[in-house]
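Below: the structure, in C-alpha cells.
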Amino acid sequence: MAAACEAFCKVETRRGLCLGVVPSEQDSSAGYRVKAGYPNQWVELSIVSPLSTYDGHDPNQITRNYINILTSHVVVAIPGSIGTRNEVDLAVRFEKPVILFGSQGMFTDFPESVARATELEQVQRFIQKHLPFHVL
C-alpha cells in the first residue's frame, strides 16, 4: 500500500488527500492506538480503525475493507490476495465502479462483469468516466 500511496502523492496535478485506513490495537490507557509501523510516510490523513482485516471465512465480516470501499468514488484493484478479492466483491455489492488493473490472467477468479485494464491509460479513462467530478 505504501507504493500506491507514494505514486498518488507524486502526481503533481492530483486533487485530494492520500487517506490511510490504518489498523489499531487496544491500549489499556487510551482505548485504541495505531499499530506500530502505521501509517506509511505518504499517508496525509489517517483513519484509525479497530476493525480487523478480512480473514477469508465470512464474506459479511465487517472489516476495514468496508471503509475503503464505501468511501471511494471509484475502486482500482491491483493483484493481491484474499483482501483484494473481498474489496472487489464489496465494490460490486455496493455498486461502486471497479476496475481490475494487471496483466492478463492475474484476475482469473474474479467476476467477468468487472472491468479490466492492462494499461494505465485504460484505468485513467475508467476513472474519468466514473468520477462525479473531474480530477485527472
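Every number here is computed from the coordinates shown, using simple stated rules; none is lab data. Just so it is clear, the structure is predicted and the values come from calculations on it, not from any experiment. Here the Cβ is made from the backbone with ideal geometry for all residues, glycine too, and neighbour counts use every protein chain on show.
Would you grab the residues whose amide H sits under 5 Å from the one on Arg116? Only those 5+ places off in sequence or on another chain, please, with H modelled 1.01 Å from N.
Leu100
State to the nearest 20 debye the size of the charge dipole of segment 1-53 about its Cα centre, where the only charges are +1 on K and R beta carbons and -1 on D and E beta carbons.
Here segment 1-53 has a charge dipole of around 100 debye.
At a temperature of 37 °C and a viscosity of 0.692 mPa s, determine how fast the chain diffuses translationally according to Stokes-Einstein, using the Kirkwood radius over alpha-carbon pairs as Rh; express D in µm²/s, rounded to the nearest whole number. Mind dumping the intermediate values first?
Values: Rh = 16.2 Å.
D, rounded to a whole number, is 203 µm²/s.
Using a 10 Å cut-off on Cβ atoms, rank the peptides 51-57, 9-15, 72-78 from the highest mean neighbour count down.
Values: 51-57: 13.3, 9-15: 9.6, 72-78: 17.1.
My ranking of the peptides, most packed first, is 72-78, 51-57, 9-15.
Which listed residue (Val34, Phe110, Pro97) has the Cα farthest towards the positive end of the charge dipole for the chain, taking +1 on Lys and Arg C-beta and -1 on Asp and Glu C-beta about the Cα centre?
Toward the positive end, the furthest listed residue is Pro97.
If you place +1 on the Cβ of every Lys and Arg and -1 on the Cβ of every Asp and Glu, how big does the dipole about the Cα centre of the chain come out, in debye to the nearest 20?
Numbers: 12 positive and 14 negative charges, 67 e Å.
For this selection, approximately 320 debye.
Label Ala2 and Phe94 with points 7 Å out from Cα along Cα→Cβ: what is the distance between them in nm?
Spacing of the two 7 Å Cα→Cβ label points: 2.7 nm.
Please enumerate, by chain and number, the lysines with C-alpha under 24 Å from the C-alpha of Lys10, excluding those fewer than 8 residues away in the same chain.
Lys10 reaches Lys129.
Hey, with R₀ at 22 Å, roughly what FRET efficiency would Ala30 and His57 work out to, going by the Cβ-Cβ distance, to 0.05?
Details: r = 30 Å, r/R0 = 1.36.
Once rounded, the FRET efficiency stands at 0.15.
Starting from the alpha-carbon convex hull of segment 32-80, give the projected area averaged over all orientations, in nm².
Details: hull surface 18.9 nm².
With every direction weighted equally, the projected area is 4.7 nm².
Over all directions, average the projected area of the Cα convex hull of segment 90-136 and note it in nm². Can you show the working numbers first?
Numbers: hull surface 14.5 nm².
Average of the hull's projected areas for segment 90-136 equals 3.6 nm².
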